[in-house]
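Readers should treat all values here as calculations from the given coordinates under stated rules, not as data from a laboratory. Not measured: the values here are computed from a predicted model. Cβ placement follows ideal geometry from the backbone for every residue including glycine, while neighbour counts extend to all protein chains displayed.
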């Protein structure tokens, strides 16, 4: 019985997904093209979210922003809250419903870019070593996809698959650079395109880029270290110092108060 219930539930989910995917393009047509393109770019930069396309993500955002406040308003009216309060809360929930999906999308992009930035030097070193060992660029990318994991490796693997189905290397590299949207990755892409055009050794180019990327990462780490004392100042002043003052001066203040009260 449990098996049949689970199967029915899964079938219902698939039917809902098909209906949602079928309706999404039509509903999303009411959204300006520039917004749809921006959402598509951000989804690509985030590596995709649950297999939802740009139209589906827009419709999902609209559904949250429009229907969630209606549900909240219905619940609040059941508890007989004032209509003005219900309207204010519903408008706030509606605003959050429109904003939160895009905040989540930006968070996914930042997390993914941080992961790619961290893995980039090691990935470049592995590709460089493979090329210098005699493999072609495609073979080096294949080794990379087998030896490493992560968002950056996924992008290199996607680029490799695109080249295998006939996409020119230049176009595949440019597309990967746009999806990653990182200065260091864009620099690697530009260097690879130039090396391919000029016939320069890819191994030498990548080795130079790897050294430069590691140097920039070291400089960024130093900058963050220099900013740390300034960032620590606010919590120290508002949270830690008051507690220390209370601990140090509290007993003395109590004794002084007792002395004046006795007088």
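What's the angle, to the nearest 10 degrees (0 to 90), between helix 83-132's Cα axis and the longest principal axis of the chain? Here the helix axis deviates by roughly 40 degrees. Which of rounded, prolate or oblate describes the chain when judged by the alpha-carbon gyration tensor and an a/c cut-off of 1.5? Oblate shape, in that a/c is at least 1.5 and b/c is the bigger or equal ratio. Each peptide among 148-158, 102-112 gets the average number of other Cβ atoms lying within 10 Å of its residues, and from highest to lowest they stand as 148-158, 102-112. Highest-first packing order for the peptide set 195-204, 59-68 is 59-68, 195-204, based on the mean count of other beta carbon atoms within 10 Å. The label-point distance for residue 170 and residue 87, in a model that sets each label 7 Å from Cα toward Cβ, rounds to 6.0 nm. Which of rounded, prolate or oblate describes the range 27-174 when judged by the alpha-carbon gyration tensor and an a/c cut-off of 1.5? Prolate shape, in that a/c is at least 1.5 and a/b is the bigger ratio. Of 86, 165, 127, 31, the sequence from fewest to most neighbouring Cβ atoms within 10 angstrom is 165, 31, 86, 127.
Residues 213, 208, 72, 58, ranked from the fewest to the most other C-beta atoms within 10 Å, line up as 208, 72, 213, 58. Per residue, the average separation of C-alpha pairs within less than 8 Å and at least 6 apart gives the chain a relative contact order of 14 percent.
In the range 114-218, the C-alpha radius of gyration followed by the widest Cα-Cα span (Dmax) gives 12.4, 38 angstrom. A helix-only calculation puts the chain at -30000 deg cm²/dmol for mean residue ellipticity at 222 nm, using -39500 (n - 2.57) for each DSSP H run of at least four residues, averaged over all residues.
Each label was represented as a point 7 Å from its Cα along the Cα-to-Cβ direction; for residue 78 and residue 220 these points are 4.8 nm apart. Here the simple spin-label model places points 7 Å from the Cα toward Cβ, and for residue 181 and residue 193 these points are separated by 1.8 nm. Classify the range 166-236 from the C-alpha gyration tensor, please: rounded if a/c falls under 1.5, else prolate or oblate depending on whether a/b exceeds b/c. Oblate, since a/c reaches 1.5 and b/c is not below a/b.
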